[in-house]
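First the structure, in the form of structure tokens, and then the observations on it.
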Amino acid sequence: MAKVLITGGEGNLAKALAATTSSNEIILKSRKGLDVTQNEHIDELFAINADVIIHAAALTRPMVLHENDPWLSIHTNIIATAKLAMYCITDKRRLVYVSTDYVYPGITGMYKETDPVLPINYYAKSKYGGECAAQMVPDSLIVRCGFSETPFPHAYAFNDVHKSSLDIKEAARKIWNLINIQATGIYNIGGIRRTIFDFAIETNTKVLPISRKTIKEPIAIDCSMDTSKYDNAVS
């Protein structure tokens, strides 16, 4: 049984990861218990001695926060990830980094892992910065995904933005599938290509459509992903 430490322990993805495995010893660490932005907390990782570290902690919503406070975005999503990556290199631990579909240009959609990236906003840039650090860890795994809680938790959903949206528990199961087969490198994880509204209304019939043109912040038009690499790996 592998000992797996999951950062961002209070977040929905960390909880979903803990709930979808019975074959690993899980250690959930919230920011209060393990603040990866602080050097002294990084040092505490050596005492935990985990076999695998899933880095699910991140500064995410609201997206405008990254535009308004890029210093915080850099510090939390890039520098903290780099510190964690350095620890994994030093102590020879396996790193699994949870990234985002927003690293792709978000124009044509159905992106493959080998396609060029072009993060559209500061959030996406910060997550890609974390990716760059994670890629320098030997045998690391990076998952690019776009997941959501179900039922869809918001009152509105974009009807003109396409993604490969996936239920958060299904995303967690797919992450475990890759970990269990010792996958390394970059993998897209997602569902079928559809608008966010079409995904949302399946589990929340009260959700209302909204256009991306109604908001000021930059948002991708289509960051759907080709997931054939994942499908082939786990089949």
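The values are calculated or read from the model by the stated rules, or taken from the named source; none is laboratory data. A quick note: this is a predicted structure, and the numbers were derived from the prediction, not measured. Quick reminder, even Gly has a Cβ in these numbers, built from the backbone with ideal geometry, and neighbours come from all protein chains shown.
Selection of first residues in segment 213-229 that are on the phi < 0 side of the Ramachandran plot and surrounded by fewer than 23 Cβ atoms within 10 Å (Cβ to Cβ) and of second residues that are among the basic types (Lys, Arg) and not in a loop (DSSP other than H, G, I, E, B), restricted to Cβ pairs under 6 Å at least 6 apart or on distinct chains, gives the following pairs, ordered by first then second residue: Ile219/Arg212.
Yes/no matrix, rows are residues, columns are (1) closer than 25 Å to Leu17 by Cα; (2) modelled with pLDDT under 95; (3) of a type in the set (D, E, K, R):
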site: Phe199; (1), (2), (3): yes, no, no
site: Lys216; (1), (2), (3): no, yes, yes
site: Ser224; (1), (2), (3): yes, no, no
site: Ser228; (1), (2), (3): yes, no, no
site: Asp231; (1), (2), (3): yes, no, yes
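Filter segment 1-58 down to residues that are hydroxyl-bearing (Ser, Thr, Tyr) and within 25 Å of Glu149 (Cα to Cα) and give me whichever is surrounded by the fewest Cβ atoms within 10 Å (Cβ to Cβ). If we take residues in segment 1-58 being hydroxyl-bearing (Ser, Thr, Tyr) and within 25 Å of Glu149 (Cα to Cα), then Ser22 is surrounded by the fewest Cβ atoms within 10 Å (Cβ to Cβ). Tell me, yes or no, whether segment 49-56 has at least one residue that is touching a helix residue (DSSP H, G or I) at 6+ places or on another chain (Cβ under 7 Å), among the β-branched types (Val, Ile, Thr), part of a loop (DSSP other than H, G, I, E, B) and more than 29 Å from Ile215 (Cα to Cα). Scanning segment 49-56 turns up no residue that is touching a helix residue (DSSP H, G or I) at 6+ places or on another chain (Cβ under 7 Å), among the β-branched types (Val, Ile, Thr), part of a loop (DSSP other than H, G, I, E, B) and more than 29 Å from Ile215 (Cα to Cα). Flag: Arg94 does not match the condition of being of a type in the set (Lys, Arg), within 24 Å of Thr20 (Cα to Cα) and modelled with pLDDT under 95. Screening segment 123-235 for strands (runs of 3 or more DSSP E) wholly inside it with 1 or more residues that are within 30 Å of Ala2 (Cα to Cα) and of a type in the set (Lys, Arg) returns the ranges 141-145. Would you check if there is a residue in segment 113-134 being more than 24 Å from Lys83 (Cβ to Cβ) and acidic (Asp, Glu)? Yes. Taking the listed residues Ser164, Ser126, Ser99, the one that is farther than 24 Å from Ser228 by Cα and surrounded by 20 or more Cβ atoms within 10 Å (Cβ to Cβ) is Ser126, with no other qualifying.
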